Amino acid sequence: MDDFFNSIKLRIDYDNKSKSSKGKKNRKMAIPRDLLFKCPRCQQLTFMDEFEKNQKVCLECNYHSRLSSKERINMIIDEGTFIEYDEYLSSKNPLNFPDYDKKIEQAKIVSGENDAVKTGEGKIFSKLSVIIIMESNFMMGSMGSVVGEKISRAFENAIEKKLSVVLFSASGGARMQEGIISLMQMAKTSAAVSKHNDAGLLYISVMTDPTTGGVTASFASLGDIIIAEPKILIGFAGRRVIEGTIKQKLPDDFQTAEFMLEHGFVDMIVDRENMKNTIYNILDLHDFSNGRDGGKLNNE
Amino acid sequence: MNDVSSWSKINIIREKDRPTIKDYIHLIFDMYYEFHGDRYFGDDLAITGGIAKLDGMPVTIISNVKGKNIEENKQSNFGMAHPEGYRKALRLAKQAEKFKRPIICFIDTPGAFCGVEAEQRGQGEAIARNIMSFFNLKTPIISVVLGEGGSGGALALGVCDRLAMLENTVYSVISPRGCATILWKDSSKEKKAADIMKITAEDLISFKIADDIIKESSGGAHKDPEETAYNLKEYLNKTISELLEKDIETLLINRYNKFRKIGEFFEDKSSL
């Protein structure tokens, strides 16, 4: 055990040295990323293995940190039932925006994904649904042509197969590098949501960290039912932009899931632990295939 | 497009006496009755809306409002609407649908307002609701960019059957200044950002996002607002007649497809 702590200390020393060698004095303790998790909300340090055992939820303040789309699938979808749609769609550089190609290549390496959303169908306690999961590890989940196209196709597939859609948003907003084309993805996806809505089908929007900008101002806010994970960021404008406008610091709870619940823009806040059950039960409450008394609630 | 022209266009639309909706409305329409309020919270003067006649035909007008001086801009918040502005727009749009009036939206905004109260009242939800609902309105919709179209705040009035832009206008996802701040952490490089972002009317035509360009008077709309208004009126008359010829089903399918087609990407495995 002593060795373990020593190794952390060594890493910390090392990190501090490497920081100061860049000429910038940093009095804050640098964190060895693979051993400790530092909560961005409450700043509490937790051992990584405990944090991971807790489904990447801060043990101190219940902040639900970001998951990769793969982790989310493992948590929500019955094992072996996920069939991915359009996995080979990938971004072009329509504006010839400087360094965009490089950014995409890097993001592919960092995230292991081709763009910022994974779509497909899978079963949730045996109930088949279309699943859309945004990938915050890919350019902060920003929405460009690929994200817009995959989400629109997923909703269109759901209409064709008469399926519900469960969407996990995680995005900083529109992808600036695709300019006006990225803005138009807000319209394109919202139109697809609208068609799915007109077909009388259920759309559950689950907001996860962060749900902001163009995604909040389009499909994420348009669910029949909107669920949020605890303590996450939800908002339209960036915090710093607002602080710049009003010239004051905003309170910590501004633009959190709890703030949005209080102001009436979220139906409920659900812990990660109960997410799959909750989604299943809501799907079941909308499933009349066995008559009105067909399903049984899952109280697992 | 060469570098000079996109920046010089921005300078034209930033001219102090650039005509706004308040100048155009009486030059284009007869008998404008402005209606107020979203019926939930309040009235946002960053957006004006109401009914008027266009050469004898009743139409619904919805427009961003920009001021020309501090006093006017205080009232209209520099064209940056709060959620109640977008909700007023939607209320009037649905009223237009009920009474089978074509809708004409005029876009002239740097973007939706970024503030505490705007967040509390659901800025994101208000914009999203407009975007989705405009796809279902069973009446023709024309949107015209009069000055600048900025981000989601513009798109909230921008889901339409035809999108036209005045000759010198721009429409973008983020302001050139905002883009420069993100890219180079230097807002003074907005000129460079403006070129990179491809935001002019010609650019948007090339992306098949804008459908038409409407001529301004020579040197910019401020040189001769009446001439520009005349061109706007001609365009609106012609376009409304074209759209009214289509049955509503076709109109809605075309509206869906107009936006559905926007986007550029690689499709197959080999491109990775």
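A short reminder: the numbers here are calculations on the coordinates, not readings from a lab. These numbers were taken from a predicted model, which means no experiment stands behind them. For neighbour counting, all protein chains shown are included, and Cβ atoms are generated from backbone atoms with ideal geometry for every residue, glycine included.
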Expressed in angstrom and rounded, the centroid-to-centroid distance over alpha carbons for the stretch B:178-249 and the stretch A:153-197 is 25 Å
Give me the distance between the Cα centres of the stretch A:55-98 and the stretch A:233-272, rounded to whole Å. 23 Å
Would you mind calculating the relative contact order of the stretch A:66-285 from Cα pairs under 8 angstrom and at least 6 residues apart, reporting the percent as a whole number? 16 percent
Under a 10 Å cutoff between Cα atoms, tell me which one of A:Met275, A:Met134, A:Met207 has the largest fluctuation in the Gaussian network model of chain A. A:Met275
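Per DSSP helix of 4 or more residues, -39500 (n - 2.57); summed, then divided by the residues of chain B. What does that give at 222 nm, rounded to the nearest 500?
Computed ellipticity for chain B at 222 nm equals -13000 deg cm²/dmol.
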In the protein assembly as shown, if the dipole is taken from +1 on Lys/Arg beta carbons and -1 on Asp/Glu beta carbons about the Cα centre, which of B:Gly79, A:Ile83, A:Ala220 is farthest to the positive end? B:Gly79
Convex hull volume per residue for the stretch B:126-216, taking Cα atoms only, in Å³: 100 Å³
How big is D for the stretch A:66-285, in µm² s⁻¹ as a whole number, if Stokes-Einstein is applied with the Kirkwood radius of its Cα pairs at 20 °C and 1.002 mPa s? 123 µm²/s
Using r as the Cβ-Cβ distance of B:Met57 and B:Tyr32, and R0 as 22 Å, what FRET efficiency do you calculate, to the nearest 0.05? 0.95
Rel. contact order, % - alpha carbon contacts under 8 angstrom, at least six apart, the stretch A:85-172: 30 percent
Residues whose placed amide H lies under 5 Å from that of B:Ala112, excluding near-sequence neighbours: B:Gly152, B:Gly153, B:Ala154
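Below 8 Å between Cα atoms, with a sequence gap of 6+, how large is the relative contact order for the stretch B:3-259 in percent?
In percent, rounded to a whole number, it is 18.
Per the Cauchy relation, a quarter of the hull surface: what is the mean projected area of the convex hull of the alpha carbons in chain B, in nm²?
Directional mean of the projected Cα hull area for chain B stands at 15.9 nm².
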Highest GNM mean-square fluctuation, chain A, Cα pairs closer than 10 Å: which of A:Ile282, A:Ile131, A:Ile242? A:Ile242
Estimated inter-spin distance, B:Asn73 and A:Cys61, nm [label 7 Å along Cα→Cβ]: 3.7 nm
With a Förster distance of 35 angstrom and the Cβ-Cβ distance between B:Ile253 and B:Asp224, calculated FRET efficiency to the nearest 0.05 equals 0.35
Kirkwood-Stokes translational diffusion coefficient of the protein assembly as shown, alpha-carbon pairs, 20 °C, 1.002 mPa s, µm²/s: 86 µm²/s
Note down the magnitude of the dipole of the stretch A:66-285 about its Cα centre, charges +1 on Lys and Arg C-beta and -1 on Asp and Glu C-beta and zero elsewhere, to the nearest 20 debye. 400 debye
Once phi is turned into θ = phi - 60°, what whole-Hz ³J(HN,Hα) does the Karplus curve with 6.51, -1.76 and 1.60 give for every residue of the stretch B:168-181, x standing for Gly and Pro? 9, 8, 10, 9, 8, 7, 8, 5, x, 5, x, 5, 5, 5
If you place +1 on the Cβ of every Lys and Arg, -1 on the Cβ of every Asp and Glu, and leave all else neutral, what size is the dipole of the stretch B:3-259 about its Cα centre, to the nearest 20 Debye? 520 debye
For a Förster distance of 51 Å, can you work out the FRET efficiency between the beta-carbons of A:Glu79 and B:Lys138, rounded to the nearest 0.05? 0.65
Any idea what the dipole of the protein assembly as shown comes to, in debye rounded to 20, about its Cα centre with Lys/Arg Cβ at +1 and Asp/Glu Cβ at -1? 1020 debye
Per the helix-only calculation at 222 nm, which mean residue ellipticity applies to chain A, given -39500 (n - 2.57) for every DSSP H run of n ≥ 4 and division by its residues, nearest 500 deg cm²/dmol? -11500 deg cm²/dmol
List the residues whose amide H sits under 5 Å from the amide H of A:Val117, counting only those 5 or more places along or on another chain, with H placed 1.01 Å from N in the peptide plane. A:Glu135
Step through the residues of the stretch A:93-105 one at a time and calculate ³J(HN,Hα) from phi using the Karplus curve (6.51 cos²θ - 1.76 cosθ + 1.60, θ = phi - 60°), rounding each to whole Hz and writing x for Gly and Pro. 10, x, 9, 6, 6, x, 6, 5, 4, 5, 4, 5, 4
Amide H neighbours of A:Ile124 under 5 Å, counting only residues 5+ apart in sequence or on other chains, H built in-plane at 1.01 Å? A:Asp78, A:Ser129
Determine ³J(HN,Hα), in whole Hz, for all residues of the stretch B:54-64 in sequence, where each value follows from phi through the Karplus function 6.51 cos²θ - 1.76 cosθ + 1.60 and θ = phi - 60°; x replaces Gly and Pro. 10, 6, x, 9, x, 9, 9, 10, 9, 8, 5
